[in-house]
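Report on one structure; see the data block that follows.
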Amino acid sequence: MRKVMVLNGPNLDKLGTREPDVYGALTLSDIEQLCHEFGAANDMEIDFRQSNDESVLIGWLHEAAENKTPLVFNPAAFTHYSVAIRDAAAMCSAPIIEVHLSNPIKREEFRHTSLISGIAHGTISGFGANSYLLALRALLNL
Ligand code: CA2
């Protein structure tokens with residue numbers, strides 16, 4: 001069974017409580033459940049995690065790099081400014097699919113820059129929770 005880590009950055013633990021017009025009505029637990037259902041149907045072990053702490057995320061990226069584990073990664077706000085997260089993600093030799101619930105390019109200008117896109121295999125944005133499932137599907141086909 002292939003293992004995939006699904007990593008989530010700051011404030012995504014608050015999904016479903018505010019801004020449903022931007023991020024959808026599902027909670028992060030709902031999205032985790034959908035990912036586990038996809039994994040069970042596709043022989044994929046899903047290791048789903050969230051942290052508000054940059055150093056914790058960096059530790060998880062180091063773990064993924066050491067184990068060569070493919071990643072679905074929503075770095076949330078760190079997408080737009082964290083060189084440390086990008087440097088840690090760049091150590092990963094297995095594919096990283098960057099995901100976003102919203103489409104940052106349609107939003108404020110400060111969200112138009114992603115430090116992650118340049119080291120990701122690809123990016124899926126704007127499909128709400130389905131962005132995660134599309135990313136898992138993309139990993140299946142790599
Ligand atoms: O669209 C995405 O998935 C984002 O990565 C979400 C980040 C945002 O900074 C990125 O530009 C795009 C924000 C996550 C914050 O989540 C919230 C959850 C509940 C209420 C408000 C924000």
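Observations, loosely collected:
- Close pairs (7 angstrom Cβ cut-off, 6 or more residues apart or separate chains): more than 19 Å from Glu66 (Cβ to Cβ) and open to solvent by less than 40 Å² (accessible area, probe 1.4 Å) in the range 78-101, outside any strand (DSSP E or B) and β-branched (Val, Ile, Thr) anywhere: Phe78/Ile85; Thr79/Ile116; His80/Thr113; Glu98/Ile116
- Tally, over the range 17-57, of residues that are within 15 Å of the ligand (Cβ to nearest atom), open to solvent by less than 40 Å² (accessible area, probe 1.4 Å) and either farther than 23 Å from Leu140 by Cβ or in contact with a Gly (Cβ under 6 Å, 6 or more places away or on another chain) (or both): 3
- Within the range 1-16, restricting attention to residues that are out of contact with any Leu (no Cβ under 9 Å at 6 or more places or on another chain) and within 22 Å of Ala120 (Cα to Cα), the residue that is nearest to the ligand (Cβ to nearest atom) is Asn11.
- Taken together, the residues in the range 109-140 that are more than 12 Å from the chain's Cα centre (by Cα) and closer than 14 Å to His80 by Cα amount to 9.
The values are calculated or read from the model by the stated rules, or taken from the named source; none is laboratory data. Values in this document were obtained by computation on a predicted structure and should not be read as measured data. Quick reminder, even Gly has a Cβ in these numbers, built from the backbone with ideal geometry, and neighbours come from all protein chains shown. Surface accessibility is based on the protein's heavy atoms, side chains included, excluding ligands, DNA and RNA. Shrake-Rupley method; radii C 1.70, N 1.55, O 1.52, S 1.80 Å.
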